[in-house]
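Report on one structure; see the data block that follows.
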Amino acid sequence: MKKKGKLLSSVLASFMIVSALAGCSGNDGNKASPSDSAASKAAPSESASASSASNETGLDTSKKVELQFYMLGDAPKDLPAIQSEINKMALEDLNATVKFNFTSWTDWDQKYKLLLSSGQPVDLIFTADWTQYQSYAKSGAFLPLDDLLPAAAPKLQAFVPQDMWDAVRIEGKIYTVPATYKEYVNNGFVYREDLREKYNLPVPKDITSFEAYLDGIKANEPGIQPLSMNSDVRQNLMDVFREVNDDTIGGPLPYGIGIKYNKPGEFYSYWGSDEQKKDLETVQRWQQKGFFAKNVLNVKDTLQDPITSGKAAAILGDNPTRYNDTMSKMQSTHPDWKLGYTPYAESRGFATPVHPIHNGFAIPQSSKNPERALAFYEKMVTDKRYNQLTQYGIEGKNYTVEDGYYKMVGDNTSNGFLREGMQGWAWRNPEFMLFDKSYDGVKAIFDKLDAIAKPDLFTGFVEDYSSYQPERAALEQVEKQYFYPLYAGLVKDIDEGIKTAMDKANNAGLQKIQASYKQQWLDYVAKNGIK
């Protein structure tokens with residue numbers, strides 16, 4: 001969710017995964033899983049259900065298990081009711097129950113790393129390019145699914161097109177189940193259209209017009225923060241900022257690297273460049289104008305919540321689907337407010353359809369029940385009862401269907417399970433999907449982007465950081481300590497700030513990292529004939 005349009009964020013800095021995974025055989029990994037004790041207490045009726053399920057699936061389901069299912073973000077209020085209904089079906093079908101766990105959006109990336117490195121039993125976990133799927137898969141964090149699929153989930157294997165299975169392979173192996181719904185997750189400006197009309201402000205189409213819009217909000221609506229921003233200023237501010245008029249591939253790259261879509265063989269350092277200095281000067285000006293909070297590095301809100309509540313007027317970048325979701329939530333409580341959207345593609349000149357890697361689910365090495373987990377996930381994707389219950393909630397309580405359209409019951413504040421309330425992007429099934437009427441506008445955006453689409457040529461790149469793991473971890477800390485204040489516009493002397501940050505980065509091993517990454521990248525481009 002956070003940046004569903006970042007095609008190469010899979011190579012973003014994270015802690016040393018390989019060495020961390022080596023510790024998975026510690027005490028936590030040797031503890032009996034919760035499912036062991038639960039299975040020993042299975043009732044006779046459960047055993048009967050298990051026998052039936054075993055005959056249907058070819059799996060041994062004689063032992064009752066509890067599956068640990070992990071999603072990013074915040075849990076919906078009605079999750080207990082949804083989980084209860086799912087477990088009634090899963091117990092009968094697979095002699096299994098499931099515990100749906102959520103990381104929250106606060107420091108989700110650190111929590112995600114911990115889940116995959118601590119040895120804690122996890123049976124299913126969300127994956128994406130922006131959660132570093134490629135790097136985690138390469139380092140051995142996930143189980144390969146090639147042999148599990150035909151035995152545990154043959155229906156799921158047949159449902160996903162073969163070219164999508166092939167697209168998510170890492171070194172020849174499948175480690176995640178890709179989503180099959182085609183969409184665009186490229187960014188665009190999100191803004192209060194009713195306020196734009198009221199004060200005759202320009203339509204945001206580039207950085208200059210967007211800044212003029214923010215100026216107008218600041219001048220006319222002193223009680224509203226012009227720009228919604230939080231502590232993730234790299235991803236939600238600087239990375240997005242660079243995408244607006246730039247053809248940086250798949251969103252900006254890690255380690256201060258710059259590569260352009262139309263010049264993939266030209267590799268340069270964005271950090272320390274005149275390009276970076278110019279960008280930072282604009283962001284500093286925004287900070288000084290009061291477009292976003294001075295304590296932004298401590299703000300943990302999502303970008304969307306201040307928009308729906310009326311506390312902020314714009315988001316620098318979001319994808320079309322989430323824009324529509326934000327608009328629906330906002331208008332459920334404030335039907336007179338309007339939300340506008342301008343895709344960056346109008347200035348960039350192209351868009352890239354989402355890659356199959358972008359949304360998926362994997363089985364971590366720490367799973368106690370991999371076959372049952374994959375069989376359950378098959379139900380989530382291919383069984384309409386499981387799918388719609390976990391995507392939309394309980395019909396009549398959380399939503400209704402009118403003239404073929406999804407309609408929320410109540411509003412954004414009273415409804416306990418909003419549309420896709422579990423962030424269930426990965427198990428979307430186009431055959432079962434329900435859309436609210438406003439989604440027709442998103443489809444229209446997709447149609448426009450189809451006309452200027454370019455293929456995603458780069459998500460298949462998998463970084464091998466084994467030769468610079470210590471430097472990589474050190475550089476991550478340097479970026480947070482010295483670059484983040486620059487990204488937030490909080491460093492008064494930009495030249496001095498860049499110099500200090502670059503000195504620290506070079507001491508941490510930046511040049512070694514960039515040199516190795518460059519060689520890997522050029523090898524990848526040459527091997528795949530990308531020009």
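The values are calculated or read from the model by the stated rules, or taken from the named source; none is laboratory data. All figures in this text were calculated on a predicted structure; none of them were measured in a lab. Because the Cβ atoms are built from the backbone with ideal geometry, glycine has one as well, and the counts that use them run over all protein chains shown.
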Exactly one condition in (1) surrounded by fewer than 20 Cβ atoms within 10 Å (Cβ to Cβ); (2) in contact (Cβ under 8 Å) with a residue 60 or more places away in the chain; (3) of a type outside the set (Gly, Ala, Ser) is false for residue 263; which is it? (2)
List the residue pairs whose Cβ atoms are under 9 Å apart, where the first residue sits in segment 386-414 and is touching a residue at least 40 places away in the same chain (Cβ under 8 Å), the second is part of a strand (DSSP E or B) and polar (S, T, N, Q), and the two are 6 or more positions apart or on different chains. 408/400
Long-range neighbours under 7 Å by Cβ, at least six apart or interchain, first residue in contact (Cβ under 8 Å) with a residue 12 or more places away in the chain and farther than 11 Å from residue 205 by Cα within segment 323-351, second of a type in the set (A, V, I, L, M, F, W, C) and assigned to a helix (DSSP H, G or I): 324/442; 326/307; 330/307; 337/330; 339/327; 339/330; 351/345; 351/449
Which residue out of 379, 407, 384, 397 is surrounded by 19 or more Cβ atoms within 10 Å (Cβ to Cβ) and either farther than 18 Å from residue 174 by Cβ or over 21 Å from the mean Cα position of the chain (by Cα) (or both)? 379
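Name every residue in segment 478-522 that is of a type in the set (Asp, Glu) and either modelled with pLDDT under 95 or not in a helix (DSSP H, G or I) (or both), in order of residue number.
Within segment 478-522, 493 is the sole residue that qualifies.
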Could you tell me whether any residue of segment 415-426 is surrounded by fewer than 22 Cβ atoms within 10 Å (Cβ to Cβ) and over 27 Å from residue 187 (Cα atoms)? yes
Are there any pairs with C-beta distances below 7 angstrom linking a residue in segment 370-385 that is at negative phi to a residue that is aromatic (Phe, Trp, Tyr), with the two at least 6 apart or on different chains, and if so which? 377/361; 379/386; 380/386; 380/427; 381/159; 381/427; 382/159; 384/432
Across segment 164-179, the tally of residues that are surrounded by 18 or more Cβ atoms within 10 Å (Cβ to Cβ), out of contact with any strand residue (DSSP E or B) (no Cβ under 8 Å at 6 or more places or on another chain) and at pLDDT 95 or above stands at 1
Only one residue in 161, 154, 202 is closer than 27 Å to residue 241 by Cβ and surrounded by fewer than 16 Cβ atoms within 10 Å (Cβ to Cβ), so which one is that? 202
Yes or no: residue 94 at negative phi and out of contact with any helix residue (DSSP H, G or I) (no Cβ under 9 Å at 6 or more places or on another chain)? no
Of all residues being without any contact (Cβ under 8 Å) to a residue 40 or more places away in the chain and in contact with a helix residue (DSSP H, G or I) (Cβ under 9 Å, 6 or more places away or on another chain) in segment 205-225, which is surrounded by the most Cβ atoms within 10 Å (Cβ to Cβ)? Just the residue, please. 216
Within segment 70-120, considering residues that are within 20 Å of residue 302 (Cβ to Cβ) and basic (Lys, Arg), the one farthest from the chain's Cα centre (by Cα): 77
Does segment 488-513 hold any residues that are crowded, with 20+ Cβ neighbours inside 10 Å and either assigned by TED's automatic domain parsing to the domain that holds residue 269 or within 13 Å of residue 257 (Cα to Cα) (or both), and which are they? 505, 510, 513
Being of a type outside the set (Gly, Ala, Ser) and either surrounded by 22 or more Cβ atoms within 10 Å (Cβ to Cβ) or closer than 30 Å to residue 116 by Cβ (or both) narrows 369, 412 down to just 369
Pairs, first under 12 Å from residue 467 (Cα atoms) in segment 503-514, second of a type in the set (Lys, Arg), C-beta under 7 Å, six or more apart: 513/472
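Can you tell me which residues in segment 87-127 are aliphatic (A, V, I, L, M) and in contact with a strand residue (DSSP E or B) (Cβ under 7 Å, 6 or more places away or on another chain)?
90, 91, 96, 98, 115, 116, 122, 124, 125, listed by residue number.
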Helices (runs of 4 or more DSSP H) completely within segment 221-323 that count 1 or more residues being farther than 21 Å from residue 195 by Cα: 239-243, 274-289
Does residue 457 meet the test of being among the hydrophobic types (A, V, I, L, M, F, W, C), assigned to a helix (DSSP H, G or I) and surrounded by 13 or more Cβ atoms within 10 Å (Cβ to Cβ)? no
Just to be sure I understand, how many residues within segment 365-412 are of a type in the set (Phe, Trp, Tyr) and closer than 16 Å to residue 77 by Cα? 2
